[in-house]
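Read-outs throughout are calculated quantities, based only on the coordinates presented, and are distinct from any laboratory measurement. What you see is a predicted model, and the numbers here were worked out from it, not measured in a lab. Glycine also receives a Cβ, built like all others from the backbone with ideal geometry; neighbour counts cover every protein chain displayed.
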Amino acid sequence: MDDMESGIVKKFMFVNRKAPHGTVYALEVLEMVLISAAFDQDVHLAFLDDGVLQIKKGQTPAGIGVKNFSPTYRALEGYDIEKLYVEAESLAERGLTEDDLLVPVEVLSRAEMGKLMAGMDVVLTA
Amino acid sequence: MKFAVLVNEGPYNHQAADSALQFCKAAVDKGHEIFRVFFYYDGVNNATKLGEPPSDDRNVTRNWQKLAEDHKVDLVVCVAAGLRRGITESNLAPGFRISGLGQLIEAGIHADRLVTFGD
Amino acid sequence: MSTLHTVNKSPFERSCLDACLGHAQPGDAILLIEDAVIAALSGTAFEGKMADAAKTLKLNVLGPDLAARGLDPAKVIKGTHVVDYAGFVDLAAGTRATNAWL
């Protein structure tokens, strides 16, 4: 993959708006995020709406028979993916606070999130 | 202009693949290039050669193949998402190829725009 | 440069239109496709919200999706542009990025 050395650096944002486990999107977005780390791009992860549940502490999906992939969010730092943003309104609407989250994040207001998104070159949603 | 297109859903259950096809056709008709169409999540199911829709319905897989034939469009199926769902070389429709997720990121880097179709 | 936001689900079913309107920036383009096209019509419960949005955003709706559903393009909310797939391509080409609110 010679494109890894193309020298182009774009602002990528992975927008997560769906809860984990009920659909596959959270897991497969995470697989995309991990691959993106190999391309030296400016990677951002946004968690809003039900997407904030993807990084809720204490996920124990053994009882529903699916893999617990939530620890992977904590491993992202090791791939130099450190720009994680969570929308404050989405947390509040769901009765959650930053303390409920399993990774360090930057909490932004909805207005700030909109401005951040507006600066992206590539937005990937699922 | 170079467009990349991401298809998140399989054919028939959702309109996503049909919308993506119409978008691609309109883009090439206007003289743009489709740099790549990448199939991810259940989107990999667009690439099965085993589908046999009723003869009075459109055949989404065949429509993708025709787009690829007519305009040399690169149709790439994610290997990991495909393996998970049983889309492999053995049932891959001609015109599609299986490759890694890096092909999607690469498309995001090299295309001028990336447009996503999903549920 | 502005963003093209696409919305493909009816606001009667999902919150993606609301989420999109809550994040779009003034001057951005919105394109309603697939089941979202119902939100472009006048006389729906969303008309007030869309008319407000039209003050700062460029509202567009995909004509073939209206036609497929028997919805009259003459009845779209004032200021909404009815476009075809070629118009969709133009919108995507004319903005910096496309954000699909799935």
Counting other chain Cβ atoms within 10 Å of each Cβ in A:103-115 and taking the mean gives 1
For region C:41-57, Karplus-derived ³J(HN,Hα) couplings (6.51, -1.76, 1.60; θ = phi - 60°; whole Hz; x for glycine and proline) come out as 8, 6, x, 8, 5, 9, 4, x, 4, 6, 5, 4, 4, 5, 5, 10, 10
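Distance cut-off 23 Å, Cα to Cα: go down the list B:Lys72/C:Lys9; A:Lys83/C:Lys58; A:Lys57/A:Lys115; B:Lys2/B:Lys66; A:Lys11/C:Lys9 and report the pairs above it. All intermediate terms of the calculation are to be shown ahead of the outcome.
Details: B:Lys72/C:Lys9 31 Å; A:Lys83/C:Lys58 30 Å; A:Lys57/A:Lys115 28 Å; B:Lys2/B:Lys66 19 Å; A:Lys11/C:Lys9 27 Å.
Pairs exceeding 23 Å: B:Lys72/C:Lys9; A:Lys83/C:Lys58; A:Lys57/A:Lys115; A:Lys11/C:Lys9.
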In cubic angstrom per residue, the convex hull of region B:9-63 built on its Cα atoms measures 83 Å³
Mean per-residue count of partner chain Cβ within 10 Å for B:25-34 equals 3
Nearest-0.05 FRET efficiency for B:Lys66 and A:Glu93 at R0 = 30 Å, using Cβ-Cβ distance, is 0.10
Region A:1-80 and region B:83-119 have their Cα centres apart by a whole-number Å value of 18 Å
With label points set 7 Å from each Cα along the Cα-to-Cβ direction at A:Ala37 and A:Lys115, the distance between them in nm comes to 3.0 nm
The set of residues whose placed amide H lies less than 5 Å from the amide H of B:Val115, leaving out same-chain residues fewer than 5 positions away, is B:Ala4, B:Val5, B:Leu6
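Got the relative contact order for chain C handy, in percent, Cα pairs under 8 Å and 6 or more residues apart? Intermediate results must be reported in sequence, preceding the final value.
Numbers: 183 pairs, mean separation 37.3, N = 102.
Rounded, it is 37 percent for chain C.
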The base-10 log of I(q)/I(0) that the Debye equation returns for the protein assembly as shown at q = 0.07, 0.09 Å⁻¹, one scatterer per C-alpha, is -0.28, -0.47
C:Ser42 and B:Ala80 label points (each 7 Å along its Cα→Cβ direction) are spaced in nm at 5.0 nm
The exposure ranking of B:Thr88, A:Thr125, fewest beta-carbon neighbours within 10 Å first, is B:Thr88, A:Thr125
For region B:2-117, averaging the sequence separation of alpha carbon pairs under 8 Å that lie six or more residues apart and dividing by its residue count, the contact order in percent is 36 percent
For region C:1-90, listing chymotrypsin sites (Phe, Trp or Tyr not before Pro) in a DSSP loop whose Cβ sees at most 16 other Cβ atoms within 10 Å gives C:Phe12
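I'd like to compare A:68-78, A:29-39: which one has the highest average count of other Cβ atoms within 10 Å, and what's the full order after that?
The densest-packed peptide leads the list: A:29-39, A:68-78.
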Pseudo-spin-label distance C:Asp18 to B:Arg58, built 7 Å along Cα→Cβ, given in nm, is 3.2 nm
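Can you tell me the order of B:90-99, A:11-20 when each peptide is scored by its average per-residue count of other Cβ atoms within 10 angstrom, highest first? Display every interim value, and only then the final one.
Working: B:90-99: 16.3, A:11-20: 22.6.
By packing density, highest mean first, the sequence is A:11-20, B:90-99.
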Log10 I(q)/I(0) at q = 0.10 Å⁻¹ for chain C, from Debye over equal alpha-carbon scatterers, is -0.22
Each residue of C:12-24 has, on average, a number of other protein chain C-beta atoms within 10 Å of its C-beta equal to 3
Mean-square fluctuation maximum in Gaussian network of chain C, Cα pairs under 10 Å, restricted to C:Ala24, C:Ala68, C:Ala51, hits C:Ala68
HN-Hα couplings for region C:93-102 via Karplus (6.51, -1.76, 1.60; θ = phi - 60°), in whole Hz with x for Gly/Pro, come out as 5, x, 10, 6, 8, 10, 10, 8, 8, 8
Note to self: C-alpha centroids of region C:1-37 and region C:42-100 sit apart, in Å, by 9 Å
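In chain C, which longest range has no trypsin sites (Lys or Arg not before Pro) that are both DSSP loop (not H, G, I, E or B) and surrounded by at most 12 other Cβ atoms within 10 Å? List each step's numbers first, then the result.
Values: sites that count: C:Lys55, C:Arg69, C:Lys78.
It runs C:1-54.
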Gyration tensor on Cα atoms of chain B, a ≥ b ≥ c root eigenvalues, a/c under 1.5 rounded, else prolate if a/b beats b/c, else oblate, says oblate
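When a/c is below 1.5 the answer is rounded, else prolate if a/b is larger than b/c, else oblate, so apply that to region A:2-125 with a ≥ b ≥ c taken from the square roots of the Cα gyration tensor eigenvalues.
Numbers: a/c = 2.02, a/b = 1.28, b/c = 1.58.
Oblate is the answer for region A:2-125, as a/c is 1.5 or above yet b/c matches or exceeds a/b.
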